[in-house]
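Encoded as structure tokens, the structure appears first; notes follow it.
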Amino acid sequence: MPRQILDEAKIHPAIRERVAKHHESIVKEVQEALAAHPVVVVGMRQNPHVRKARQVLAAAGVSFHYIEHGSYLSDWRRRNALKMWTGWPTFPMVFVKGMLVGGCDDLAKLIASGELKAMLG
């Protein structure tokens, strides 16, 4: 089932550019990291799930690139742009070879099943 996204035809032409450029720098930063690194973790300070995802990757011997954006009380508006872009509602956002694989629990399942190693080739 495809993810529901508001059709561009349903966005008034006068605001399309504003919608498209809303905090685009944070999205571009992540896109550039995805192009440069096989595993990327996007997170925030003080979030135990972000810390756990990084620990799980380190314990599995998987190198990764980490991008941190603020804490619970800072940068939340900018982080919303990432949530809108991916459709993923929480942090961390873990990407493998450019594919969003979910958060910490999803990552742990991929490691346990051996799928992460297969994805990394």
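The values are calculated or read from the model by the stated rules, or taken from the named source; none is laboratory data. Note that this is a predicted model, so its numbers are computed, not measured. Counting neighbours? That spans all protein chains shown, and the Cβs are built from the backbone with ideal geometry, glycine included. Accessible surface areas use protein heavy atoms only, side chains included; no ligands, DNA or RNA. Shrake-Rupley method; radii C 1.70, N 1.55, O 1.52, S 1.80 Å.
General remarks:
- Checklist (1) under 11 Å from the mean Cα position of the chain (by Cα); (2) farther than 26 Å from residue 121 by Cα; (3) surrounded by fewer than 18 Cβ atoms within 10 Å (Cβ to Cβ) applied to residue 75, failing item: (1)
- Each residue in the stretch 71-100 was checked for being in a loop (DSSP other than H, G, I, E, B), modelled with pLDDT under 95 and closer than 19 Å to residue 32 by Cα, and 1 pass.
- Only one entry in 100, 82 is closer than 17 Å to residue 66 by Cα, open to solvent by 30 Å² or more (accessible area, probe 1.4 Å) and in contact with a strand residue (DSSP E or B) (Cβ under 7 Å, 6 or more places away or on another chain), namely 100.
- Residue, surrounded by the most Cβ atoms within 10 Å (Cβ to Cβ), within the stretch 22-35, restricted to residues that are of a type in the set (A, V, I, L, M, F, W, C) and farther than 17 Å from residue 87 by Cα: 33
- Residue in the stretch 57-66 that is open to solvent by 60 Å² or more (accessible area, probe 1.4 Å) and modelled with pLDDT under 95 present: no
- Selection status of residue 19, buried (at least 18 other Cβ atoms within 10 Å of the Cβ) and of a type in the set (Val, Ile, Thr): no
- Hey, residue 50 among the β-branched types (Val, Ile, Thr) and either touching a Pro at 6+ places or on another chain (Cβ under 6 Å) or open to solvent by 70 Å² or more (accessible area, probe 1.4 Å) (or both) or not: yes
- Selected residue [open to solvent by 50 Å² or more (accessible area, probe 1.4 Å) and free of Cβ contacts under 8 Å to residues at least 40 places away in the same chain] from 89, 38: 89
- Single residue of 36, 59 found to be closer than 28 Å to residue 118 by Cβ and more than 15 Å from the chain's Cα centre (by Cα): 59
- Within the stretch 1-16, being open to solvent by less than 100 Å² (accessible area, probe 1.4 Å) and either of a type outside the set (Asp, Glu) or on the phi > 0 side of the Ramachandran plot (or both) holds for 9, 11, 13, 14, 15, 16.
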